[in-house]
Amino acid sequence: DAKTTQPNSMESNEEEPVHLPCNHSTISGTDYIHWYRQLPSQGPEYVIHGLTSNVNNRMASLAIAEDRKSSTLILHRATLRDAAVYYCIPGGYQKVTFGTGTKLQVIP
Amino acid sequence: NAGVTQTPKFQVLKTGQSMTLQCAQDMNHEYMSWYRQDPGMGLRLIHYSVGAGITDQGEVPNGYNVSRSTTEDFPLRLLSAAPSQTSVYFCASSDPWRGGSGELFFGEGSRLTVL
């Protein structure tokens, strides 16, 4: 499994963009990069995933480095509801393991 | 659309008791898995299954048994509960082999306390 490194915590002001980084230098060529988030007292929820190209959906954007050794989850306008732990998960679809993630605090 | 349903939502056990946490999904997903999350910690994978009749161990399988007799159900059995198994348990499912995103769908969790 690819090793990941994420900041333990980050802060953002409400309505400002947030860039959440993830290093996954040992990722294999066929591994997708999934991002999940976990709101307080809830189960994780899927945010976005990608392989090589940058991806956008209604929740966020995912920017993947050309060498695929890192990626960045972009929340375009942080809201209070975005306060959560964000997990970057490179790998296949089996035996999906979560690291410690980045705890995002959104300041009103 | 129910998605992933876990029962019970809350349970208190005494040390040494056994119980089964139920997980059912109605999305015809082949892949199912169980996680535990201790207070202030991340999720740890207990067991997973890639289809009916196939199960495998995750990161922390000791003290837990699973079986997968149907596509829909993936129960987690605690044979002899210990206080160290006090945690919130999450069941998840996905079906990445049919062209979907492979995203995991999670249940709401089962909070277990072992006294």
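The table below lists the values:
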read-out: Neighbourhood net charge (13 Å Cβ-Cβ; Lys/Arg +1, Asp/Glu -1) for residue A:108; value: -4
read-out: FRET efficiency estimate (nearest 0.05) - Cβ-Cβ, residue A:28 to residue B:10, R0 41 angstrom; value: 0.55
read-out: Rough spin-label spacing in nm, given labels placed 7 Å along Cα→Cβ, for residue B:57 and residue A:54; value: 4.4
read-out: Compactness of chain A, expressed as Rg and Dmax over alpha-carbon positions, Å; value: 13.0, 40
read-out: Chain A: most fluctuating residue of A:19, A:34, A:49 per GNM, C-alpha cutoff 10 Å; value: A:19
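Read-outs: derived from the displayed coordinates by stated rules, not from any lab. Everything numeric here is computed off the predicted structure, so don't read it as measured data. As a convention, Cβ positions derive from the backbone with ideal geometry for all residues, glycine included, and neighbour counts pool all protein chains shown.
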